[in-house]
Every structure is written in structure tokens, then in C-alpha cells.
1. Given the criteria under 27 Å from PRO186 (Cα atoms) and not polar (S, T, N, Q), does CYS54 qualify?
2. Could you tell me whether ARG3 is at pLDDT 90 or above, more than 18 Å from ARG177 (Cα to Cα), basic (Lys, Arg) and not in a strand (DSSP E or B)?
3. Could you list all residues from segment 20-43 that are surrounded by fewer than 23 Cβ atoms within 10 Å (Cβ to Cβ) and over 12 Å from the mean Cα position of the chain (by Cα)?
4. Which residue is surrounded by the most Cβ atoms within 10 Å (Cβ to Cβ), if the candidates are limited to segment 205-254 and must be modelled with pLDDT of 95 or more and acidic (Asp, Glu)?
5. Here is a list: THR72, THR10. Which entry is without any contact (Cβ under 8 Å) to a residue 40 or more places away in the chain, under 23 Å from SER111 (Cα atoms) and within 18 Å of the chain's Cα centre (by Cα)?
6. Just a yes or no: is a residue in segment 60-83 part of a loop (DSSP other than H, G, I, E, B), touching a strand residue (DSSP E or B) at 6+ places or on another chain (Cβ under 8 Å) and buried (at least 16 other Cβ atoms within 10 Å of the Cβ)?
7. Specify which of the listed residues (THR217, THR206, THR239) is in contact (Cβ under 8 Å) with a residue 40 or more places away in the chain, under 26 Å from LEU89 (Cβ atoms) and of a type in the set (S, T, N, Q).
8. Need pairs with beta-carbon distance below 6 Å; first residue at negative phi and in contact (Cβ under 8 Å) with a residue 60 or more places away in the chain and within segment 119-146, second surrounded by fewer than 17 Cβ atoms within 10 Å (Cβ to Cβ) and in a helix (DSSP H, G or I); sequence gap 6+ or separate chains.
Amino acid sequence: MTRLIHHEDTYRRLAARPGATVRWVCFSHAGGTANAFRGWESHLPPTMELIAACYPGREHRSGTAVPADLGTLCDQLAAELRPWQDIPLVLFGHSMGALVGYEVARRLERSWAGGPAHLFVAGQPAPSAHRRGDVRSEGPEDRLLAELRGLGGIDEPVLEQRELRARALAVIRADLRLVEAYRPGPAPPLGCPVTAVRGSTDPEVTAEELGYWARHTRARFREHVVAGGHFAPVRAPRTLLGLLLTDLTDDQFGVSRLPLP
């Protein structure tokens, strides 16, 4: 019997704030989970709530297969956002999550409730600069592990246990296949502002590739560089969110200039 998906299976509320006027929706990297954003709520004003996507194939959704393509995943994620659209949404995605956030934003703009107020992306070339032919999902385990360690993208304690390592690598490979098969089709620019961020030494996205995100919005575009590598933006949430909240304020979105907690 097929189990119906509930929107609270697909998104985890990390900060419940009944009086919130803005809701952040976060999408993690390949192999990532909603827990990647735990603690971020302490760096947001009390008027902002935080939820994070729970991708298939992991945590409580370990029995759900990862879709065959990124478009199908984003169709599901966008549909399950409907119950959360009672207040304006701000989307944030890191690495693979940046592509997910962009594709979800496109789908929301075509929906009855309208698109997000802002799209924030980090650690990922723009869709128009997508790196084709960069195949990692089918490589040998030792090479994949070396690349993940180089990026700082996997916890060493996980690698020490054979069963956990096998499970984690299976999920990472499935997510990497989504990114490798991604072929963005022709699409009009988003109507919301876009902000793009990269780590200064991130090998996964060059300054030029980051700048191409400007082509994907007809609103305002901004970019920021933070010190460090691929995971630097998300591992310093206080610094990152300080930049992003300033961008929201500059949009005259109604976010007051409050000092960060």
C-alpha cells in the first residue's frame, strides 16, 4: 500500500514561531539532511520561522526512493510547500540544494500562491553555467571519499562504521546522479531577487559561475564571498545570515534592521 506523503514529512519545522511574518525554507547539499540547518534559528529575528526539506532516502524517509531526476524531486517539494505558504517564503539552498531551491522557486511562481520573496543560493554554479560531464556518482569508493573529505562534506565517525558508511554513500551517489543528469531547460528569469554566495577557495564554483545567477532574475541580484571552502557559508551561519538579512532589508521587504542574536 502506498503511503501518502504529509507536508510535515517533507519539511521539518526547526523553529516554531506562531507570530512569524516570514518563513525560511532550506535545502541541503547532496547527501545532506534537514539537520544541516539546526541552530540557524538562533541567528534569525523572532519574526522569522525556519523549516528545512527532508529529502527522500534518509532519516525518517529512508524507505522512500530518491526520484530518478531533479525535476521530479522539485515537483514534490514545491507541491508539499503549499500548506506553508500562509506567510511569505524565503528560499535558501546550498550546493545541490541551490539547484533545488531555484527549481522550486520556478514552480512556486507558476502556482496559485505565487513565488518566494527571495532566493538565496550558495556553493553552486548558476543553472546557465551548470557543469556537464562532471560524473562522480559511479566512481570507486576511495576516490569519492577522497573528494568528499577534500570538500569537508562527510563526518569521519560515519566513515568508521561500515554499515553507516555504505548507507551514507548510497544516498550521496543517488543525489549526485540527480545533479549530473540535471539539464535546465529554457525558463524566464525569476521575479524575486536572488543572492548568490561562495567560499573564497571553493573549487565547486568559480566567481564567474556564481555571477551567472544574475541571468536568472529580473529583480535585484547580489553576490557575496566568504572566507573558506565549499561548506564555509553554511558552517558560519551567524556571518552568512547577517549578510542575507541585510539583503532582505535592502529589498524593503519589511525586515527591520535588528542586531543579530
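The values are calculated or read from the model by the stated rules, or taken from the named source; none is laboratory data. Quantities reported herein were computed from a predicted structural model and do not represent experimental measurements. Every residue, glycine among them, receives a Cβ derived from its backbone with ideal geometry; neighbour counts consider all protein chains shown.
1. no
2. Spelling it out, it is not the case that ARG3 is at pLDDT 90 or above, more than 18 Å from ARG177 (Cα to Cα), basic (Lys, Arg) and not in a strand (DSSP E or B).
3. Selection gives ALA20, THR21, VAL22, ASN35, ARG38, GLY39, TRP40, GLU41, SER42, HIS43.
4. GLU209
5. The conditions single out THR72.
6. Yes, segment 60-83 has at least one match.
7. THR217
8. As it stands, the answer is SER128/ARG215, since those pairs meet every condition given.
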